[in-house]
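Notes for the one structure printed next.
The values are calculated or read from the model by the stated rules, or taken from the named source; none is laboratory data. All values derive from a computational prediction rather than experimental measurement. Cβ sites come from the backbone with ideal geometry, for glycine too, and all protein chains shown count toward neighbours.
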Amino acid sequence: MKPERTSLRLLTAATALTALTAGGMPAFATSQTPANTLIDGTTDTVTALDPAGQYDFGSDTADREIFQHLLVIPPGGGVPVPELATKCAAGPTEAVWTCELRQGVTFQNGDKFTATDVKYSFDRVKKIKDSSGIWTLLKNLKSVTIDGPYKVTFHLKKPQATWNYILGTSASYIVDHKVYPADKILPSTDKQVGTGPYQLVKYAPGQTAVFRAWKGYWGEQPKTPNLIISYFSKSSTMKLALQRGELDMVFRSFSPTELQSLETQKDLKVWKGPGVAIRYLVFNTQRKPTSQLAVRQAIAALMPREQIAQGVYHGFVQPLYSMVPKGLPGHVDAFSKVYGAKPDLAEAKKFLTDAGIKTPVDITLWWTPSHYGSASAEEYTTIKRALEASGLFKVTLKSSEWATYAKTLGRQYNAYQLGWFPDYPDAENYLLPFYATKNFLANGYSDPKMDKLLTEEQTAKTHEERMKYVEQAQMLAAKDVPIIPYYQGAMIAVANKDVHGIQSTLDTAFVMRFWMLSKS
């Protein structure tokens with residue numbers, strides 16, 4: 001990032017702080033941020049602020065300050081608890097769920113929150129069917145009915161034991177039915193209206209999002225009255241801003257080398273939480289060469305997981321052999337069982353030879369430069385090197401920034417990098433969005449056997465039965481190999497030592513609850 005860009009960013013932050021001064025804030029100083037303002041840095045990007053148009057971490061982090069759900073994973077993890085609902089319960093078959101709503105809640109524009117907004121929000125996501133794929137989380141929803149102003153019932157196509165988790169996902173944010181269009185996405189401006197603890201007061205795409213604690217919030221006021229999220233295209237520039245005191249903290253993402261360096265600084269602390277984020281390589285199963293099963297199998301047999309985990313990420317991540325991360329019930333090392341724990345050249349060659357595929361196979365791998373951190377370049381260089389060293393592949397690497405990348409994926413790319421941060425911490429959330437027919441990846445994968453397993457998992461009567469289907473789905477996924485998972489990482493934040501509360505929000509929900517953080 002050029003110095004002029006840095007100056008513009010600081011000027012933007014200063015302008016944002018000036019805009020908030022009317023609320024009693026002291027003037028901004030680049031050497032130390034005001035006590036009542038928390039400034040976070042990130043390399044994440046925002047694709048849309050309207051909840052119906054986003055399915056990425058950067059957008060969701062901003063939305064989580066503004067909007068709320070009926071249920072939510074509590075700090076520390078666990079099963080969902082009421083947020084805008086007072087209680088939600090399943091019927092005898094778990095195909096009908098009824099929620100009673102919190103009364104006396106208003107949106108940030110003064111409109112009353114009622115059951116009409118709940119029904120409207122869910123119907124809207126399903127109607128718009130945004131290309132981000134967020135609507136796929138609601139594929140099992142048949143309809144929503146209202147019984148008075150504070151009671152809603154969800155009618156599902158088939159029983160789903162995890163519907164309470166779905167009610168706390170990005171697809172389930174509640175919006176004001178008077179503000180958000182029924183059939184299109186509201187532009188990403190500061191006109192977003194929710195019921196959450198913070199109100200968006202200024203938004204400069206790619207630069208800053210400025211939030212002020214909303215005085216009319218029904219719950220406990222945020223511990224820090226003002227929040228600014230500053231967006232960076234380069235982690236090196238973000239690191240310098242943190243070291244200079246221009247940022248209070250950074251949540252996503254530094255390179256492994258940068259994290260090693262920051263761990264040695266006495267005035268900063270690197271916080272680590274449970275690792276349920278994963279990274280994986282997706283294949284389009286309808287276009288050559290990746291439509292050929294043997295090509296996908298050969299790449300799976302050559303995937304250099306250990307080299308990536310240690311050589312690229314210096315141990316901040318660990319090799320992963322299933323889309324379901326270690327630590328979650330139902331996990332099995334499916335890819336290790338099918339292809340081995342280490343790269344196997346002989347096995348890879350056999351897959352291609354038996355299928356009559358000439359080598360080297362020309363393949364283009366797509367990756368995105370900043371969304372998953374600056375180490376992505378080295379990550380995909382490592383994969384390219386491993387594939388070409390086998391003599392079986394000739395690899396071309398191409399990259400695209402996230403805003404374009406997220407809207408393209410399998411529609412144009414044949415093999416591409418993606419990461420996943422759970423909508424809810426359950427094995428189902430690492431299987432259903434990826435392997436169901438018409439999944440959000442747009443990679444063309446469809447297997448009736450997989451669809452049947454996923455349906456059986458959703459409708460299972462007991463936890464033990466559900467875990468049996470989860471394990472079978474992982475094994476089938478490894479054999480079909482439309483996706484190759486290769487590592488899982490930790491939830492990491494870096495902060496000045498005067499920022500408090502970070503450890504309390506690092507859990508398996510993988511969300512940063514900024515309203516819980518304070519400064520001394």
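Going through the stretch 32-57 one residue at a time, which ones are assigned to a helix (DSSP H, G or I) and crowded, with 22+ Cβ neighbours inside 10 Å? Spell out how you get there, then give the answer.
At the first step, the residues of the stretch 32-57 found to be assigned to a helix (DSSP H, G or I) are 51-53, 57.
Correct list: Pro51, Ala52, Phe57.
Kindly indicate the residue of the stretch 492-519 that is assigned to a helix (DSSP H, G or I) and of a type in the set (Ser, Thr, Tyr) and also farthest from the chain's Cα centre (by Cα) among those meeting that condition.
The qualifying residue farthest from the chain's Cα centre (by Cα) is Ser504.
For the stretch 305-325, what are the residues that are part of a loop (DSSP other than H, G, I, E, B) and either modelled with pLDDT of 95 or more or surrounded by 15 or more Cβ atoms within 10 Å (Cβ to Cβ) (or both)?
The answer is Tyr313, Phe316, Leu320, Tyr321, Ser322, Met323, Val324, Pro325.
Cβ-Cβ below 7 Å, separation at least six or inter-chain, first residue in the stretch 409-436 and touching a residue at least 24 places away in the same chain (Cβ under 8 Å), second among the basic types (Lys, Arg) and surrounded by fewer than 24 Cβ atoms within 10 Å (Cβ to Cβ): which pairs?
From residues that are touching a residue at least 24 places away in the same chain (Cβ under 8 Å), the pairs are Asn414/Arg287; Gly419/Arg279.
Restricting the stretch 413-454 to residues that are in contact with a helix residue (DSSP H, G or I) (Cβ under 8 Å, 6 or more places away or on another chain), buried (at least 21 other Cβ atoms within 10 Å of the Cβ) and among the hydroxyl-bearing types (Ser, Thr, Tyr), which is nearest to Pro80 (Cα to Cα)?
Looking at residues that are in contact with a helix residue (DSSP H, G or I) (Cβ under 8 Å, 6 or more places away or on another chain), buried (at least 21 other Cβ atoms within 10 Å of the Cβ) and among the hydroxyl-bearing types (Ser, Thr, Tyr), I get Tyr424.
Hey, among the residues in the stretch 333-345 that are surrounded by 20 or more Cβ atoms within 10 Å (Cβ to Cβ) and not small (Gly, Ala, Ser), which one's nearest to the chain's Cα centre (by Cα)? It would help to see each step written out before you state the result.
Within the stretch 333-345, the subset surrounded by 20 or more Cβ atoms within 10 Å (Cβ to Cβ) is 334-335, 339, 343.
From the residues that got through so far, the ones that are not small (Gly, Ala, Ser) too are 335, 339, 343.
Details: Phe335: 23, Tyr339: 28, Pro343: 29 Å.
Top of the filtered list is Phe335.
Have a look at Ser400, Ser390 and point out the one that is in contact with a Lys or Arg (Cβ under 8 Å, 6 or more places away or on another chain), of a type in the set (Gly, Ala, Ser) and at negative phi.
The match here is Ser390.
Which one of these does Leu186 not meet: (1) surrounded by fewer than 20 Cβ atoms within 10 Å (Cβ to Cβ); (2) touching a residue at least 60 places away in the same chain (Cβ under 8 Å); (3) not in a loop (DSSP other than H, G, I, E, B)?
With (1) surrounded by fewer than 20 Cβ atoms within 10 Å (Cβ to Cβ); (2) touching a residue at least 60 places away in the same chain (Cβ under 8 Å); (3) not in a loop (DSSP other than H, G, I, E, B) applied to Leu186, the lone miss is (3).
Within the stretch 458-475, which residues are buried (at least 21 other Cβ atoms within 10 Å of the Cβ), of a type outside the set (Lys, Arg) and in contact (Cβ under 8 Å) with a residue 24 or more places away in the chain?
So the first thing to find is which residues in the stretch 458-475 are buried (at least 21 other Cβ atoms within 10 Å of the Cβ), and the list is 458, 466, 469-470, 473-474.
From what's left, of a type outside the set (Lys, Arg): 458, 469-470, 473-474.
Gln458, Val470, Ala473, Gln474, listed by residue number.
Could you say whether any residue in the stretch 269-283 is assigned to a loop (DSSP other than H, G, I, E, B) and under 25 Å from the mean Cα position of the chain (by Cα)?
no
For every residue, the table says whether it meets (1) in contact with an Asp or Glu (Cβ under 8 Å, 6 or more places away or on another chain); (2) more than 22 Å from Met323 (Cα to Cα); (3) at pLDDT below 95; (4) buried (at least 22 other Cβ atoms within 10 Å of the Cβ).
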{"residue": "Leu247", "(1), (2), (3), (4)": "yes, yes, no, yes"}
{"residue": "Thr257", "(1), (2), (3), (4)": "no, yes, yes, no"}
{"residue": "Lys269", "(1), (2), (3), (4)": "no, yes, no, no"}
{"residue": "Leu281", "(1), (2), (3), (4)": "no, no, no, yes"}
{"residue": "Arg287", "(1), (2), (3), (4)": "no, yes, no, no"}
{"residue": "Ala294", "(1), (2), (3), (4)": "yes, no, no, no"}
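Test of understanding: among Thr382, Thr359, which residue is surrounded by fewer than 19 Cβ atoms within 10 Å (Cβ to Cβ), in contact with a helix residue (DSSP H, G or I) (Cβ under 8 Å, 6 or more places away or on another chain), polar (S, T, N, Q) and within 24 Å of Ser236 (Cα to Cα)? Working first, answer last.
Details: Thr359 fails: within 24 Å of Ser236 (Cα to Cα).
Checking each option against the conditions leaves just Thr382.
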